Amino acid sequence: FIIDALMSVITFCKKKCYYPVSSIAAFQLRVISTENFKIPTRDKVINAIGEETFVDVLIVGGGATGTGAALDAAIRGLKVACVEKEDYSSGTSSRSTKLLWGGSRYLVQAFVSLLNPDLRLIRQPRITVKKFIEDFRMVLNCHRERRFLLQRQHHLTTWLPIAVPLTSWIIWPPPFGFPPAVLGALGVFPLFFKFYDSLSGFSCPPSHIMTPSRAKRKFPQLSLADGSIKYCCVFYEGCHDDARTNLAIAQTAAREGALMLNYCEVVSFLKEQKDGGDGERVTGAVMRDNITGREFKMYAKSILLCGGPFTDDLRRLHDQNCQEAVRGASGIHIILPAYYAPKGFGLVDMNTSDGRFLFFLPWQNHVLVGTTDKPCKPTMRPEPDEAEIRWLLNEASKFLSPSLRLRRQDVMSAWSGIRPLAVDPHASSSGSGTSSVSRDHVISHDPKSGMIFVSGGKWTTYREMAEDAIDKVLEVTPSIPKGVGKCRTLEVDLVGLEGYDSNLAIRLIQAYGVSEAVANHLAVTYGGRADDVLSLDMSSFRNASNNNNAKSNGNGQKNGNEYVSALFLSSGPRLLHPDFPYLEAEIVFAARHDWAVRAEDVIARRTRLAFLNKHAAIQVIPRVVELMGKELNWSAERKQQEVDSCLLFLRHFGGSKPSGGDVRMATEEDMKEVFRKLDVAGLGYLTRGQLILACEMLNYPLDELALEDCLQFCTGAEDDITITQAELNISSEDISSVKVELSRLLQWWNSDRFNPGAAETRAREGHRLDRIDSVQGSGTFFG
């Protein structure tokens, strides 16, 4: 009662709260969000957990499904804990195609299965119709979930028009291997997309046809010469920032009472003998806080595994010989500059050279291209395959104007994600088990251990998967009271909706004088909490003004609050990187309110720099570590660990150049570009720390011996590249303060020193080595 009363007072006061700046009325538009008061910090949660904790449900895994299940259980009144070994969405959930789709491909497959020319409907009518009904029901569920996210959680999502270019009236080979689809351009496809709209009750923007002339105006990057495109079908899907949506779900679960902990790992499961001696039942887990190393026990009436492609690894903690249930399939995406697609307009190729869908989508002021599909072994650090990067470039170039040369060096970032392909190992042979391989997701209960796992599915249906999983928990766990309520997550607003409206970006511009790009970014990222981010940036100006109050007031100048306002509006918030709308205040906000624990959390998931531009992410590492270190009281040793960890993390991303391989080579233009990005002060040299970042940006990280040799040479006065390390005779003290100049670094970089294979490469390439930059991207597709 007391807490409710206090929250009512805060809500009332919130409407009256603004900066009392008489000279700048715009600041009266500032509204403080109350949501940060409702979300406990990570430190508060971990400190409240004793050596032994008891919950109704323990959820292992902090992706979309795990956090969604935690929210569902908390809303129903269960005591629930959700733990994640790394950060929220650090696995598959942050590496999606960023679409919230209604299952168009599933719908196509359903009709293909039903109307296949092999007369399956006549030969096996019962099985065929049953499968069609299952697939069609799955599509209807996708549309319901998409409608929930786009209409109710509109602070996190937006509609995106996607064009399907049709290049001929008769399509061959037939799309999806379905012969009647050869006539798709003659009216079948437009009718299909209208039917697709109807499954959402026409709640989405209407699909339509776009003529070639209109396509040229809307999408000037398309190849429209010689009638190469007959027309485009345009339909709509949802789009979002998957990592931010995942965090919002987790924070909403915490707001509703769930214990949410990132960087908390299950070390082992606790077991007890079942009644009658028939095996062991899992009753809890031994946890380890991966930040402090502290271990504690958590007992639960039911344990739900939401590990995605890593589900089998969790199951093996209990049973080393458990049957495999989840296989991995990797899919890579690449990021291109924004000029390759119009703002707010995407494209999809439904008939690529190997039958895969290829999306070409605007996202975060860049263009996202993906995806591929290839069996793989699950790992937390998957790497994009160079051959698949080139396949994406090749396929994406088919629809682009010949005047646009899609080059390998245009790839700003590339990453790989692993989606789980699951079957139920506990299903009966008669098919009466909890699920089957034809379902979109699998929920399986192990009757021996009592554990449940959920896997498969996709982002759009995370809420449905969570609902089904908690329903299963209640079904098979007699110790949980039967009076627990039904699922109500369709009625829940995710964190950020409070205080949000479609004009929020305009209000931020008027209230704080920020740029349109910054305002739009803050509005779609934080929703109603955007004011709180900007208030952190203002606080430094307010502190600075205190030092000026005596002087300014004594001379009849502005008072403190007016000084803050004028100073803030004249200089604006401080950007983390000049080419991106991210603010330095966001780093502090992430550490203080958004559960960011490591620098990697910020560069990859609180901001999306690692996924948008690998070089930019490398550039900001020192500043991110500095800001987080100040907020979280990191030691110098911890700061260096964070820098090293970020660099290691980013090595699993692709960039504008393929990995360097065994030979270290760079052109003068390459080196100048790296110097320009790192030497922002224009000093003409790099420090030791900046040299390490330069090596990462050149895709050739140096080991300690090579790094020391480079620094030794760059410090030496001799120009002879053959001079030995002993002859240089530079002390270790002098090494730490080396000023690395461009000419010396370039001379060392392309030499034979710690560079096996360099001499052979020079002999093979000959005169072409000094023209690498002019050859690359000069008309040939891959340079």
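The values are calculated or read from the model by the stated rules, or taken from the named source; none is laboratory data. Predicted, not measured: the structure shown is a model, and the values here were computed from it. Please note: Cβ atoms are built from the backbone with ideal geometry, for glycine as well, and neighbour counts cover all protein chains shown. Accessible surface is based on the protein model in full, side chains and every heavy atom, while ligands, DNA and RNA are left aside. Shrake-Rupley method; radii C 1.70, N 1.55, O 1.52, S 1.80 Å.
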| message | Can you find a residue that is touching an Asp or Glu at 6+ places or on another chain (Cβ under 7 Å), at pLDDT below 90, assigned to a loop (DSSP other than H, G, I, E, B) and open to solvent by less than 60 Å² (accessible area, probe 1.4 Å) anywhere in the range 437-452? | response | yes
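From the set of residues in the range 478-493 that are free of Cβ contacts under 8 Å to residues at least 60 places away in the same chain and among the charged types (D, E, K, R), which is least open to solvent (accessible area, probe 1.4 Å)?
Quick first cut of the range 478-493, residues free of Cβ contacts under 8 Å to residues at least 60 places away in the same chain only: 478, 481-483, 491.
Now restrict to residues that are among the charged types (D, E, K, R): 482, 491.
Details: 482: 150, 491: 115 Å².
Ranking the qualifying residues of the range 478-493, first place goes to 491.
Taking the range 228-261, which residues are in a loop (DSSP other than H, G, I, E, B), within 24 Å of the chain's Cα centre (by Cα) and not small (Gly, Ala, Ser)? I'd like the intermediate steps shown before the answer.
Applying the first criterion (in a loop (DSSP other than H, G, I, E, B)) to the range 228-261 yields 228-230, 241, 256-258.
Then keep just the ones that are within 24 Å of the chain's Cα centre (by Cα); that gives 241, 258.
241 - this is the single residue of the range 228-261 that is in a loop (DSSP other than H, G, I, E, B), within 24 Å of the chain's Cα centre (by Cα) and not small (Gly, Ala, Ser).
Give the residues of the range 262-280 that are in contact with an Asp or Glu (Cβ under 7 Å, 6 or more places away or on another chain) and outside any loop (DSSP other than H, G, I, E, B), sorted by residue number.
Taking the range 262-280 first, the residues in contact with an Asp or Glu (Cβ under 7 Å, 6 or more places away or on another chain) are 262-264, 267, 271-274, 280.
Those that are in contact with an Asp or Glu (Cβ under 7 Å, 6 or more places away or on another chain) and outside any loop (DSSP other than H, G, I, E, B): 262, 264, 267, 271, 272, 273, 280.
Could you go through the range 501-517 and let me know if any residue there is open to solvent by less than 30 Å² (accessible area, probe 1.4 Å) and within 30 Å of residue 301 (Cα to Cα).
As a first pass, look at the range 501-517 and keep what is open to solvent by less than 30 Å² (accessible area, probe 1.4 Å): 504-505, 508, 511-512, 514.
Subsequent filtering for residues that are within 30 Å of residue 301 (Cα to Cα) retains none.
No: the range 501-517 contains no residue that is open to solvent by less than 30 Å² (accessible area, probe 1.4 Å) and within 30 Å of residue 301 (Cα to Cα).
Evaluate the following for residue 110: is it more than 19 Å from the chain's Cα centre (by Cα) and over 30 Å from residue 257 (Cα atoms)?
Details: more than 19 Å from the chain's Cα centre (by Cα): yes; over 30 Å from residue 257 (Cα atoms): yes.
So residue 110 fits the description; yes.
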| remark: Going through the range 618-677 in order, the residues found to be assigned to a loop (DSSP other than H, G, I, E, B) and either of a type in the set (Asp, Glu) or open to solvent by 50 Å² or more (accessible area, probe 1.4 Å) (or both) are 633, 635, 651, 657, 659, 661, 662, 665
| request: Would you please list the contacts, defined by Cβ atoms under 8 Å and residues six or more apart or on different chains, that run from a residue in the range 400-416 that is more than 25 Å from residue 374 (Cβ to Cβ) to a residue that is among the hydrophobic types (A, V, I, L, M, F, W, C) and surrounded by fewer than 20 Cβ atoms within 10 Å (Cβ to Cβ)? | output: 401/224; 401/225; 402/225; 405/781
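Residues checked against (1) part of a helix (DSSP H, G or I); (2) modelled with pLDDT under 95; (3) open to solvent by less than 20 Å² (accessible area, probe 1.4 Å):
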| site | (1), (2), (3) |
| --- | --- |
| 54 | no, no, no |
| 58 | no, no, yes |
| 65 | yes, no, no |
| 68 | yes, no, yes |
| 71 | yes, no, yes |
| 74 | yes, no, yes |
| 78 | no, no, yes |
| 82 | no, no, yes |
| 87 | no, no, yes |
| query | Condition test on residue 162, is it open to solvent by less than 40 Å² (accessible area, probe 1.4 Å) and under 30 Å from residue 523 (Cα atoms)? | reply | yes
| said: Exactly one of these conditions fails for residue 359: (1) surrounded by 21 or more Cβ atoms within 10 Å (Cβ to Cβ); (2) more than 19 Å from residue 92 (Cα to Cα). Give me its number. | reply: (2)
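Among residues belonging to the range 89-106 that are polar (S, T, N, Q) and assigned to a loop (DSSP other than H, G, I, E, B), point out the one that is surrounded by the most Cβ atoms within 10 Å (Cβ to Cβ).
Restricting to residues being polar (S, T, N, Q) and assigned to a loop (DSSP other than H, G, I, E, B), the top hit is 89.
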| Here are some residues: 248, 254, 243, 185. Which one is more than 30 Å from residue 608 (Cα to Cα) and open to solvent by less than 20 Å² (accessible area, probe 1.4 Å)? | 185
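Are any of the residues in the range 263-281 more than 26 Å from the chain's Cα centre (by Cα), farther than 19 Å from residue 450 by Cα and open to solvent by 10 Å² or more (accessible area, probe 1.4 Å)? Reasoning before the result, please.
As a first pass, look at the range 263-281 and keep what is more than 26 Å from the chain's Cα centre (by Cα): 267-281.
This time we only want the ones that are farther than 19 Å from residue 450 by Cα, so: none.
No, the conditions are met nowhere in the range 263-281.
Scan the range 297-317 and give yes if some residue there is charged (D, E, K, R) and either touching a Gly at 6+ places or on another chain (Cβ under 8 Å) or under 30 Å from residue 397 (Cα atoms) (or both), otherwise no. Let's see the steps before the verdict.
Of all residues in the range 297-317, those charged (D, E, K, R) come to 297, 301, 312-313, 315-316.
Now drop any that are not either touching a Gly at 6+ places or on another chain (Cβ under 8 Å) or under 30 Å from residue 397 (Cα atoms) (or both), which leaves 297, 313.
Yes: the range 297-317 contains one or more residues that are charged (D, E, K, R) and either touching a Gly at 6+ places or on another chain (Cβ under 8 Å) or under 30 Å from residue 397 (Cα atoms) (or both).
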